[in-house]
Structures are given as C-alpha cells and as structure tokens.
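Just below is one structure, and these are the notes that go with it.
The values are calculated or read from the model by the stated rules, or taken from the named source; none is laboratory data. Since this is a predicted model, take the numbers as computed values, not measurements. Positions of Cβ are generated from backbone atoms using ideal geometry, with glycine treated the same way; all protein chains shown enter the neighbour counts. When the accessible area is computed, the model is the full protein with side chains, heavy atoms only, and any ligands, DNA or RNA have been set aside. Shrake-Rupley method; radii C 1.70, N 1.55, O 1.52, S 1.80 Å.
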Amino acid sequence: QVQLVESGGGLVQPGGSLRVSCAASGNIRAANDMGWFRQAPGKQRELVARIPYHGTAVYADSVKGRFTISRDNAKNTMDLQMNGLQVEDTAVYYCYANLLPLGGHDYRDYWGQGTQVTVSS
C-alpha cells in the first residue's frame, strides 16, 4: 500500500522560513510528477509547485522566487523550502505524487494528510 507522509510546517513570523517534506512509501514501481498544493480557510485548493521526475519545476506566480521545490528520485522524497513567508501563505499544505504502484497498470495521484503552515506575527 502506497502512502505519502508529510513533515515540517508550523508557525513562523512574516519574512521567516520553513521547510516541509514529503516521503512516499510502500510498493512503488515508478513515479511521475510530485508537487505541493495548499488550501487556505474559505479558499479553493491551489497548486504551489510541482516537479517532474526529470526536468524543470513549475511554481505558482505568488511563490516564485521565494519557494524552492526539490526531490530525491531514489528515495521518493520531496521538499519545499519556503523563504520570505507572508501572511498570505498561511494554509494547509498537501503533497501529492503521481505514482505507479507495484503490480498496478496505471499511474494515479496519491495525497498526503496535510500539514499546517501559519505565518503570523
């Protein structure tokens, strides 16, 4: 059984930094994109950043230049380094991964349980 587990997050002051991490575990045969979404209270879930297995990451305009996504393909892990955090970045952050499970025939999206990031003075 494949699952994604997030770690990191927490409370930080405006201008501060945080790192959230995601680890995929279980019987994984192959992986495609991985990424992060976030959802603030009363708002729709939005893409923050995604990174292909090989290639260039894509970022939401609101986080460009402040956030950096990275992954370790050998370990099926992913990090999101968040610098220059703003109050508007406050949300629950969810990782996802498009994976092919061992014995499966199709890739599908798996999601983490979410981790809270709060930016407040």
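Things worth noting here:
- Qualifying residue in the stretch 68-81 (condition: assigned to a strand (DSSP E or B), surrounded by 14 or more Cβ atoms within 10 Å (Cβ to Cβ) and on the phi > 0 side of the Ramachandran plot): no
- Annotation: of all residues in the stretch 82-108 being outside any loop (DSSP other than H, G, I, E, B) and open to solvent by 70 Å² or more (accessible area, probe 1.4 Å), the one that is farthest from A30 (Cα to Cα) is V87.
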